[in-house]
Structure formats: structure tokens, C-alpha cells
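Dropping the structure in here first, questions after.
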Amino acid sequence: MARLVIYGTGVVGRMAAHYFSQDSPHVVSAFAVDAAHLRATEWLGRPVVPAEELPHRYPPESYRLFVALGYARMNAVRAEKYAAFRRLGYRLVSYVSSKALWLAEEPPGDNAFVLEGVIVQPSVRVGSNVTLWSGACLSHDTQVEDHVFLGPRVTVAGGVRIGTRSFLGVGAVVRDRVTLGPRTLVGAGAVITTDTPPDSVFAAPRAVRLERTSEEVTL
């Protein structure tokens with residue numbers, strides 16, 4: 001049983017504590033946040049400590065660490081904390097749900113968060129600090145670079161390359177053999193069929209409210 005500190009006390013931190021506690025060999029010993037954001041010294045029955053004090057109170061020789069952050073600033077915040085804790089000597093661990101279907105020959109890089117229902121086919125490579133939310137599907141020969149976030153039910157066809165720090169929202173679809181440039185933002189439900197340049201943004205058309213009630217529509 002490896003002792004684990006989770007950085008982050010938001011939604012992702014709460015979910016990470018649940019998944020690591022219920023479905024991994026790790027024991028969550030404490031949480032950490034930057035001192036400027038410390039609001040309480042206990043959360044979910046565990047200590048919360050300033051991140052600046054971690055090397056002394058929870059040294060990297062005895063504890064592993066997981067950075068539990070979302071996609072703020074196109075994953076830049078998570079990438080910065082990931083790099084900072086690696087410089088301090090922490091071993092960053094990944095979580096891959098026992099209910100995910102991982103068929104790739106290699107595991108993901110460190111600090112990955114792979115939730116239930118995710119499908120990863122053979123010959124897929126997933127980098128470090130990548131989040132694959134519930135139900136995401138990565139088809140054969142796809143490469144996911146570091147610091148990427150894929151939302152629920154994202155579908156990626158074969159031979160795709162997803163550039164570093166990209167974000168794909170709920171239900172986004174990427175056609176086969178497409179390359180997404182670094183920091184590409186694909187909104188919920190958008191369909192990508194061609195290569196994208198770095199820092200590009202794509203949004204699907206929004207649903208239009210019809211001038212009729214649901215009872216007037218025949219399904």
C-alpha cells in the first residue's frame with residue numbers, strides 16, 4: 001500500500017480521493033494546496049497542508065503524489081504544478097480505472113487520470129498528465145501528447161495525434177488520421193475532420209429553441 005498526497009481540494013481532488021481509495025493500492029494520507037488558498041486544515045477526514053511545506057511534512061522519499069486539477073487555462077495550471085512537483089522529487093502516480101478497457105501495449109505516462117468506461121485500443125500512446133474522463137474512446141494508433149484533457153464520451157478515430165495541452169469537450173469527435181495542433185480547444189459536440197493549427201478553437205452549433213411546445217412535436 002503506497003501512501004499518497006493529493007494536490008487539490010476541488011471537484012477533481014474529491015473524485016481522485018474516491019477513486020484512489022476505492023480502486024487502487026494507494027492510501028490517501030493528505031491533501032495539499034498552495035498556502036494562499038488554504039481555507040481549512042482538514043478535508044474529507046484528512047489533513048490539508050500548504051504545498052510549500054510538503055517536502056518536510058510528507059517527503060518524496062516516503063510519499064507519492066497526484067496533481068488533481070482540471071483544465072484551467074488550457075491545462076496550463078495542471079502542467080505547471082506537475083512540473084513543480086517533479087522538480088521536488090515526487091513520484092507522480094496515475095489512476096487507471098479497473099472498469100476501463102485498456103488494450104494499449106504501454107500504460108499512460110505519470111499523473112494520468114483514466115476513469116470508468118474509457119476504451120483505449122491497441123497501439124495507442126497516452127502521455128503524462130493526461131485526463132480521460134468517463135466513456136472517452138481512443139482508437140488504434142492514436143497518440144495523445146502530455147497535459148491533454150478529454151471530456152466524457154469523446155470519440156477519437158484511428159491514427160489521430162492530439163497536441164499537448166489540448167482540450168476536447170463532452171461528446172467531441174475527431175476523424176481518423178487528423179492531427180490536432182498544440183492547445184487546440186474542441187467544444188462539446190464538435191466534429192473535427194481536418195488538421196487544426198495550434199491554439200485554434202472549434203465550437204459546434206448550439207441547439208435552437210423551436211416556437212412550439214414539446215406536446216406539439218411528434219416523436
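The values are calculated or read from the model by the stated rules, or taken from the named source; none is laboratory data. Keep in mind that this is a model prediction, so the values were computed, not measured. Note: ideal-geometry Cβ built from the backbone for every residue, glycine included; neighbour counts use all protein chains shown. Heads up: the accessible areas ignore ligands, DNA and RNA and are worked out on the full protein's heavy atoms, side chains in. Shrake-Rupley method; radii C 1.70, N 1.55, O 1.52, S 1.80 Å.
Identify the single condition in (1) surrounded by 13 or more Cβ atoms within 10 Å (Cβ to Cβ); (2) on the phi > 0 side of the Ramachandran plot that residue 93 does not satisfy, given that it satisfies every other one.
Of everything listed in (1) surrounded by 13 or more Cβ atoms within 10 Å (Cβ to Cβ); (2) on the phi > 0 side of the Ramachandran plot, residue 93 misses just condition (2).
Might you check whether a residue that is among the aliphatic types (A, V, I, L, M) and under 18 Å from residue 51 (Cβ atoms) occurs anywhere in the range 95-108?
Taking every residue of the range 95-108 in turn, none turns out to be among the aliphatic types (A, V, I, L, M) and under 18 Å from residue 51 (Cβ atoms).
Which numbered condition in (1) within 22 Å of residue 103 (Cα to Cα); (2) open to solvent by less than 10 Å² (accessible area, probe 1.4 Å); (3) not acidic (Asp, Glu) is the only one that residue 175 fails?
(2)
Within the range 100-139, restricting attention to residues that are assigned to a loop (DSSP other than H, G, I, E, B) and in contact (Cβ under 8 Å) with a residue 60 or more places away in the chain, which residue is farthest from the chain's Cα centre (by Cα)?
115
Please indicate, with yes or no, whether at least one residue in the range 67-89 is free of Cβ contacts under 8 Å to residues at least 40 places away in the same chain, touching a strand residue (DSSP E or B) at 6+ places or on another chain (Cβ under 7 Å) and among the hydrophobic types (A, V, I, L, M, F, W, C).
Here is the first cut: in the range 67-89, the ones free of Cβ contacts under 8 Å to residues at least 40 places away in the same chain are 72-73, 77, 80, 83-84, 86-89.
Applying the additional criterion that residues be touching a strand residue (DSSP E or B) at 6+ places or on another chain (Cβ under 7 Å) yields 86.
The next check asks that each one be among the hydrophobic types (A, V, I, L, M, F, W, C); those that pass are none.
Within the range 67-89, not a single residue is free of Cβ contacts under 8 Å to residues at least 40 places away in the same chain, touching a strand residue (DSSP E or B) at 6+ places or on another chain (Cβ under 7 Å) and among the hydrophobic types (A, V, I, L, M, F, W, C).
Could you tell me which numbered condition residue 74 fails, if it satisfies all but one of (1) in a loop (DSSP other than H, G, I, E, B); (2) farther than 20 Å from residue 166 by Cα?
Every condition holds for residue 74 apart from (2).
Of all residues in the range 41-85, count the ones that are touching a Lys or Arg at 6+ places or on another chain (Cβ under 8 Å) and either surrounded by fewer than 15 Cβ atoms within 10 Å (Cβ to Cβ) or among the small types (Gly, Ala, Ser) (or both).
Adding up the residues that qualify gives 6.
Does residue 118 satisfy being in contact with a Cys (Cβ under 9 Å, 6 or more places away or on another chain) and under 21 Å from residue 22 (Cα atoms)? Even if it seems obvious, please write down each step before you answer.
Working: in contact with a Cys (Cβ under 9 Å, 6 or more places away or on another chain): yes; under 21 Å from residue 22 (Cα atoms): yes.
The answer is yes for residue 118.
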